[in-house]
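Below is one structure, written out as structure tokens; comments come after it.
The values are calculated or read from the model by the stated rules, or taken from the named source; none is laboratory data. Source: prediction; values computed, not measured. With ideal geometry, Cβ positions are generated from the backbone for all residues, glycine too; neighbour counts draw on all protein chains shown.
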Amino acid sequence: MAVLSIHLQEGFNDDTAVIRLDGVERARRAHLTTKPLLGYAEIVELQKPAQADIRLELVLPDRDLSASMAIPASGDSFVAANIANGQLQLAVRSQPFGYA
Amino acid sequence: MNEHEHPGATAGDPAFTPNPDNPIPNWPDRPNWPGPDLPPIDWRCIFHGPVSGRYEGGTGVPTILGPVLDLRVDVDRRYANSPVLNKLSGDIYRWRFGGKFIGPIRTFIESWIVDAPTVRWQRCKVEISGRVRYWRGTHVTTDLTVTIPFSSFSTGPATATFTTPAGSTTYVCAYRSNCFRHMKLETDFCASLPATPQVPSYDTTWHNNRPPGTAQRTLTIEETYREAGIDVTIDPVHTTIDDSAPGFASWSPAELHDSMEVAFSQMSASWPRWNMWGMMAGQFDNPGVGGIMFDAAAAFGGAGEAPERQGFAVFRNHSWFNDLQAGVPANQAQAEAMRKFLYTWVHEAGHAFNFLHSWNKSRPNALSWMNYDWRYDDLNGPDSFWGNFNFRFDDEELLHMRHGDRVSVIMGGDPWSSGGHLESPAEAFVQSDAAAPVELLLRSTGYVDFMEPVNIELRLRNASDVPVEIDARLAPEFGNVAIFIRRPDGRILMHGPILCQIGDAVRHTLQPLRQDGANEGKDRYSELVHLTYGGGGFSFDEPGDYQIRAVYDALGIAVSSNTLKLRVGRPMSREEDRFAADYFSNQVGMTLYLGGSQSPFLSKGMDQLHEAVERFRDTPVAFAAARTLAKSIGRDFYRRADNKPALVRTHQADPGAAVALTAPALAFYEQTPLKAFNLPYHRLVRERALLLTQEGAVDLARKELLALRKNLEGRDVHPPVLADIKAFAERLEPAAAKAA
């Protein structure tokens, strides 16, 4: 089964994140803080549902921020989530992110 | 200034050299040579390499005990593919006698830099001069002139003369290296990994995605750092680390640090030192991590054990290195893997030189070893990083690594993440001399709510055995205190006051603290400084972590403070977030700065503060807003109204309303026994006492003051402060309000 890897990267500061797929909560992480040595706070790996259209929604309830996007049905997907200028930004790609 | 500019030298100056990039060998090839703008040819000096590099020497005093200068000259091209930064810098050491069993010890004293030297090339020598900026403490104005003779056969010695109003000191320094600093890298390898390649070796033309015109050369760790100006040698002795324990699959930062403790041969030596440990391991806990400089604070993702920046790890089993092969690559995938292998080693060692990632230094578009290729590509298009990257650190990083304050560069020196400070104002985040007669301490609650005004306690304490006189006006407005704020995005700004006040120093003597405890309290002096709003606007208008540092410089004493960490909370609701847009306005800022105002020009600011009191009841934001309003409501306000020449009273003091406004804040401070609240509590009660006295309620004012005294007594406030509160209460009388 294909993997959906959600990388919570820059801008997290003691945050709680809720991850929903097609409206269903699939993961919740608390006390997320970006590690500046590497540039991410947490990586959440989920199995992709076997369906054509997948809607990913990321919610930061403490900040009253949320963002959503469509995820390709086929292949592994890697989503970058960054908080910048008060906005939660999502971007998806098919290659994994690397950190150093 | 770019690397080709030389202030002070002009084309009409016979000593002028138009191009500092290794000019000597090229001179005869110039079309106008010899010409009126260039010195005549001297055959003895025609063929010669650069003068840039490292020099070392003493003052010539005929004793082994004395100062030593490590001099760095960066004015011409010292090595291929290596930018010229046009700087002079150095470290001063002193030989001391460590006893008959130890012998002479070389002790580091301080570092300095000349930011914009004037360079004058002459027939067989170069003269470089400029103003010295020391990284620590305060020094009298110091100018430096360095003269370096050269011939076809030798360079140097460099004569460096430091001149102050009190005299001059000259060092004679022999040429040591064409690098500015040196570092020894010890590399160890896990037994489970392939035998080769152990370290990277990459030909810059192997991969097709590269900048046009890339100079072909083979880059290793040593060669990459040599281009950056650092002489790296790799210890030929390696330790093999047995990672075959049953059940062991991946490394944590703590395990990496522990492994360094065991394997690193320099671990038990004294630190800081120019040594670094690099380990090639299998896999990190997060398999997406290709390398980590693990030796940093736990909050940053490191192991959390000081001293920091001693070691790093590269993870051979990361997918980046799936195609890694020793030798010439057979395909582009193998070339890419070796390029990434080089990148990871250089990048992690860069962290140990105290580098943050490029985007954390507000340089997300930097073509640097310290950027991520995919982050750059996200901003600039696919494959654009490697298509433009010239295999180098950016100029700011080179400046730090070559010429930065030794303690912030050397391994085991300053904690990681202090490496961005060369971009900041010269005085920011410097460290004062440990022998300063007074200590400057910053204190706060450590946390403020979003929109809550930020007030910091500045405390000077006598750290000597003799009385010390200070200027008691501890505020930026008087020009004797400079305050620097590092914002969450890494930018450092100097908090500039709105108003500047000129006047004589308010001299106050700090008594020395005697061993028997006598003079306790008289050895220190505190003021609360408002940093909420300054010449640059609101200083704390973003949630996140801030660092604050102050420098006091008055009456012949200069001292820098501790670094105060302050966290600004997030808006707790959408309503608060919306309100913030109106709150962080110049009108509110000025109203807060002025302690409230009944001027119609600031009426919107006062309205916003009233709204804050109503909306955010029983919160620090409301308390602060109420206090500002109370100060303004409680006193008369006069202004020229309707273009009439005479001042008229446009607002009549209403002390009763002012007292009522600040009642919730008083209750909060009375019930919250935090040291950081001592000063605001004290100040609030004094303000209320004056308002109550205006109302004729002197007894109530005294009652609040005595309650304050009792509460502060239980919060370890020193007796002189308590005595002062009592005296203030006893002095209160109906007329006191105006006098005070």
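Look at the stretch B:286-315 and say how many of its residues are in contact with a helix residue (DSSP H, G or I) (Cβ under 6 Å, 6 or more places away or on another chain), of a type outside the set (A, V, I, L, M) and either more than 8 Å from chain A (Cβ to nearest Cβ) or part of a loop (DSSP other than H, G, I, E, B) (or both). Steps first, please.
Quick first cut of the stretch B:286-315, residues in contact with a helix residue (DSSP H, G or I) (Cβ under 6 Å, 6 or more places away or on another chain) only: B:290-291, B:293-294, B:302-305, B:309, B:311-314.
Now restrict to residues that are of a type outside the set (A, V, I, L, M): B:290-291, B:294, B:302, B:304-305, B:309, B:311-312.
Now restrict to residues that are either more than 8 Å from chain A (Cβ to nearest Cβ) or part of a loop (DSSP other than H, G, I, E, B) (or both): B:290, B:294, B:302, B:304-305, B:309, B:311-312.
Adding up the residues that qualify gives 8.
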By residue number, the members of the stretch B:354-403 that are over 18 Å from B:E336 (Cβ atoms) and in contact with a strand residue (DSSP E or B) (Cβ under 8 Å, 6 or more places away or on another chain) are B:D378, B:L399, B:M401, B:R402, B:H403
Could you check the stretch B:140-230 for strands (runs of 3 or more DSSP E) lying wholly inside it with 1 or more residues that are within 24 Å of B:N81 (Cα to Cα), among the aromatic types (F, W, Y) and touching a residue at least 40 places away in the same chain (Cβ under 8 Å)? B:167-177
Give me a count of the residues in the stretch B:589-609 that are outside any loop (DSSP other than H, G, I, E, B) and either surrounded by fewer than 18 Cβ atoms within 10 Å (Cβ to Cβ) or under 30 Å from the mean Cα position of the chain (by Cα) (or both). 9
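Taking the criterion of being surrounded by fewer than 16 Cβ atoms within 10 Å (Cβ to Cβ), under 26 Å from B:N317 (Cα atoms), of a type in the set (V, I, T) and more than 9 Å from chain B (Cβ to nearest Cβ), would at least one residue in the stretch A:3-11 satisfy it? Before the answer, list the steps.
Restricting attention to the stretch A:3-11, the residues satisfying the condition of being surrounded by fewer than 16 Cβ atoms within 10 Å (Cβ to Cβ) are A:3.
Those still in the list that are under 26 Å from B:N317 (Cα atoms) too: A:3.
Now narrow it down to the ones that are of a type in the set (V, I, T): A:3.
Remaining after also requiring more than 9 Å from chain B (Cβ to nearest Cβ): A:3.
Yes, the conditions are met somewhere in the stretch A:3-11.
For B:V466, are the conditions met, namely being at pLDDT 80 or above, aliphatic (A, V, I, L, M) and surrounded by fewer than 18 Cβ atoms within 10 Å (Cβ to Cβ)?
Details: at pLDDT 80 or above: yes; aliphatic (A, V, I, L, M): yes; surrounded by fewer than 18 Cβ atoms within 10 Å (Cβ to Cβ): yes.
Spelling it out, B:V466 is indeed at pLDDT 80 or above, aliphatic (A, V, I, L, M) and surrounded by fewer than 18 Cβ atoms within 10 Å (Cβ to Cβ).
Can you pull out the residues in the stretch B:266-285 that are assigned to a loop (DSSP other than H, G, I, E, B) and under 23 Å from B:T196 (Cβ atoms)? Explain how you work it out, then say what you get.
From the stretch B:266-285, those assigned to a loop (DSSP other than H, G, I, E, B) are B:266-274, B:282-283, B:285; that's our starting set.
Correct list: B:G282, B:Q283.
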Would you pick out the residues in the stretch A:46-79 that are outside any strand (DSSP E or B), more than 14 Å from every other protein chain (Cβ to nearest Cβ) and loosely packed, with under 14 Cβ neighbours inside 10 Å? A:A50, A:Q51, A:A52, A:D53, A:S74, A:G75
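Per-residue answers, yes or no, for (1) part of a helix (DSSP H, G or I); (2) farther than 27 Å from B:W277 by Cα; (3) β-branched (V, I, T):
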residue: B:L342; (1), (2), (3): yes, no, no
residue: B:G350; (1), (2), (3): yes, no, no
residue: B:D378; (1), (2), (3): yes, yes, no
residue: B:W386; (1), (2), (3): yes, yes, no
residue: B:N390; (1), (2), (3): no, no, no
residue: B:L398; (1), (2), (3): yes, no, no
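Residue-wise test of (1) surrounded by 22 or more Cβ atoms within 10 Å (Cβ to Cβ); (2) in contact (Cβ under 8 Å) with a residue 60 or more places away in the chain; (3) under 30 Å from the mean Cα position of the chain (by Cα); (4) more than 10 Å from chain A (Cβ to nearest Cβ).
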residue: B:P329; (1), (2), (3), (4): no, yes, no, yes
residue: B:R339; (1), (2), (3), (4): yes, yes, no, yes
residue: B:Y343; (1), (2), (3), (4): yes, no, yes, no
residue: B:H347; (1), (2), (3), (4): yes, no, yes, no
residue: B:K361; (1), (2), (3), (4): yes, yes, yes, yes
residue: B:N365; (1), (2), (3), (4): no, no, yes, yes
residue: B:S368; (1), (2), (3), (4): yes, no, yes, yes
residue: B:Y376; (1), (2), (3), (4): yes, no, yes, yes
residue: B:G381; (1), (2), (3), (4): no, no, no, yes
Restricting attention to the stretch B:331-360, which residues are at pLDDT below 95 and in contact with a helix residue (DSSP H, G or I) (Cβ under 7 Å, 6 or more places away or on another chain)? B:N354, B:F355, B:W359
Filter the stretch B:383-413 down to the residues that are touching a residue at least 60 places away in the same chain (Cβ under 8 Å), within 14 Å of another protein chain (Cβ to nearest Cβ) and among the aromatic types (F, W, Y) and list them by number. B:W386
Considering the stretch A:12-30, residues that are away from chain B (no Cβ under 12 Å) and over 17 Å from A:R55 (Cβ atoms), and then whichever is surrounded by the most Cβ atoms within 10 Å (Cβ to Cβ), we arrive at A:R29
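Residues to consider are B:Y447, B:Y552, B:Y533; find the one that is closer than 27 Å to B:L722 by Cβ, touching a residue at least 24 places away in the same chain (Cβ under 8 Å) and hydroxyl-bearing (S, T, Y). Steps first, please.
Numbers: B:Y447 fails: closer than 27 Å to B:L722 by Cβ; B:Y533 fails: closer than 27 Å to B:L722 by Cβ.
Checking each option against the conditions leaves just B:Y552.
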